[in-house]
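K.L.:
Could you have a look at this structure, given as structure tokens, before my questions?
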Amino acid sequence: MSALIEGLPDAVAIRCLARVPYYLFPKLEVICRSWREAVHSSELYKAREELKSSENLLCVCAFDPENVWQLYDPTRDLWITLPVLPSKVRNLAHFGVVSTSSKLFVLGGGSDAVDPLTGDQDGSFATNEVWAYDPVVRQWIQRAPMIVPRAMFACCVVNGKILVAGGFTTCRKSISKAEIYDPEKDVWVSIPDLHYSHNSGCTGLVIGGEVHVVHKGLTTVQVLTKDGWRVHEHSWLQGPMTVVNGSLYVMSHGLIYKQDRESRKVVISASGFKRRIGFAMIGFQGDIYVIGGVIGPEGWNSDIKKMSDVDVLTLGNEKPVWQKAASMTRCRGTILGCAELKI
């Protein structure tokens, strides 16, 4: 890179470019070759971190269109579309998704595609493939595969590493196997198995720095400690869950609850989502986002409505309130995955 900005040393010019928001990077790179090299350089992203100009973006993938991810910029209330995930699996679903090391990771899962003529499900139920979206080069890169193919499993980040546990493997058999991934070394290592598996999918949550694996329909949670997994009884409500600022929130029976270990309190009504299924609920920048989903047939109306709506529950105020954010511009319908990515 040379003469990025006339009259300025490149080191200073890089710090100027580092203040430009990420959504404008595609326009920066067409100005000239040196700017293109700068936009795709690790130095630019290091400068963004030093200057505290990094951005937290919300990543979302829906059933429609196939294998497409979008990023939401909350500062500018706009959506950015990523290149299509290049997996050979059609309508990849039931995967794990997290972000760490400034990359978005999509792990495992299988096909949710259905043959429109026969109604048959695609044969690929669970894979071990791992994809990482690198915002520096703006490409999907295949990483080391998981040791065990799996779908509908717990997946979360702890101490910068990705932990996966449970779920179902290729023969649709529930498994208790667990493993952990080092994104810097690109290596998977087995860790102690869960105490039990179940015939339902499971979710991974990090609460108080500890990984919690929750199976739908069970009143127990498995918590990872330095001595392995331990089993706790809990009285948590069933429903979509997310963690915001270390606290667990659950949507159940048309209400949002803040759930402590053995007690809960109502935060606000969520009756507007009672007819909606397949939506995502995720904590993002201290708020709760409810995204997409579908509304099924009702009465004489036999249509299925695919939603691109984004509703935000702002928790920072004395009284939480619902607000609307910009609707997704490409993705719609059942949400397959959500994660927060710092760029």
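K.L.:
Could you list the GluC sites (Glu not before Pro) in segment 204-279 that lie in coil according to DSSP, counting only those with at most 12 other Cβ atoms within 10 Å of their Cβ?
P.N.:
Answer by residue number: GLU262.
K.L.:
Plugging the Kirkwood radius over Cα pairs into Stokes-Einstein for segment 1-54, at a temperature of 37 °C and a viscosity of 0.692 mPa s, what D comes out in µm²/s?
P.N.:
The Stokes-Einstein estimate is 300 µm²/s.
K.L.:
Between LYS226 and SER200, what length comes free when the chain is fully extended (0.36 nm per residue of separation minus the Cα-Cα distance, one decimal in nm)?
P.N.:
The span from LYS226 to SER200 would gain 6.7 nm if fully extended.
K.L.:
Which of these, ALA62, ALA126, ALA326, has the largest mean-square fluctuation under a Gaussian network model of the chain (Cα springs below 10 Å)?
P.N.:
Looking only at ALA62, ALA126, ALA326, the largest GNM fluctuation is found for ALA326.
K.L.:
Which three lengths, in whole Å and largest first, does segment 147-201 cover when its Cα atoms are put on their principal axes?
P.N.:
In descending order, the Cα extents are 33, 19, 16 Å.
K.L.:
Please sort by residue number the GluC sites (Glu not before Pro) in segment 97-198 whose DSSP state is loop and whose Cβ has at most 12 other Cβ atoms within 10 Å.
P.N.:
GLU184
K.L.:
While we're here: Taking 7 Å along the Cα-to-C-beta vector as the label spot, tell me the ILE31-LEU51 distance in nanometres, rounded to one decimal.
P.N.:
1.1
K.L.:
Treat each spin label as a single point 7 Å out from the Cα along the C-beta direction, and report the GLN238 to ILE207 distance in nm.
P.N.:
1.8
K.L.:
Reachable lysines from LYS342, Cα under 24 Å, same-chain residues fewer than 8 places away excluded?
P.N.:
LYS27, LYS46, LYS52, LYS103, LYS161, LYS185, LYS324
K.L.:
Another question, then. Enumerate the whole-percent occupancy of each 10 Å bin, from 0 to the last occupied one, for all C-alpha pair distances of segment 1-152.
P.N.:
Pair shares across the bins are 10, 34, 28, 18, 8, 2, 0.
K.L.:
Where the centre of each part is set by its Cα atoms, how far does segment 1-67 sit from segment 290-343, in angstrom?
P.N.:
Spelled out, the Cα-based centre of one part sits 29 Å from the other.
K.L.:
For segment 270-287, in order, what is each residue's ³J(HN,Hα) by Karplus, 6.51 cos²θ - 1.76 cosθ + 1.60 with θ = phi - 60°, in whole Hz (x at glycine and Pro)?
P.N.:
10, 5, x, 9, 4, 8, 9, 10, x, 8, 10, 10, 9, x, 8, 6, x, 10
K.L.:
Between VAL89, VAL136, VAL68, where does the largest GNM mean-square fluctuation fall for the chain, given springs only between Cα atoms within less than 10 Å?
P.N.:
VAL136
K.L.:
Regarding segment 55-342, what are the three Cα extents along the principal axes, ordered largest first, in Å?
P.N.:
Extents along the principal axes: 48, 46, 41 Å.
K.L.:
If I model a spin label as a point 7 Å beyond the Cα along the Cα-Cβ vector, how far apart are those points for LYS342 and VAL136 in nm?
P.N.:
According to this spin-label approximation, the distance is 1.7 nm.
K.L.:
For LEU255 and ASP77, FRET efficiency with R0 = 22 Å and r from the beta-carbon atoms, rounded to 0.05?
P.N.:
0.20
K.L.:
Taking the Cα of SER41, stepping 7 Å toward and past its beta carbon, and measuring to each backbone N in segment 318-343: which are under 12 Å?
P.N.:
none
K.L.:
Something else now. Within the chain, which is the longest segment containing none of the trypsin sites (Lys or Arg not before Pro) that sit in a DSSP loop and have at most 11 other Cβ atoms within 10 Å?
P.N.:
With trypsin sites (Lys or Arg not before Pro) excluded where exposed in loops, the chain gives 89-172 as its longest stretch.
Each value in this text was obtained by applying a stated rule to the coordinates, not by laboratory testing. Note that the structure is a prediction, hence the values are computed from the model and not measured. Neighbour counts are summed over all protein chains in view; Cβ atoms, including those assigned to glycine, are modelled from backbone coordinates with ideal geometry.
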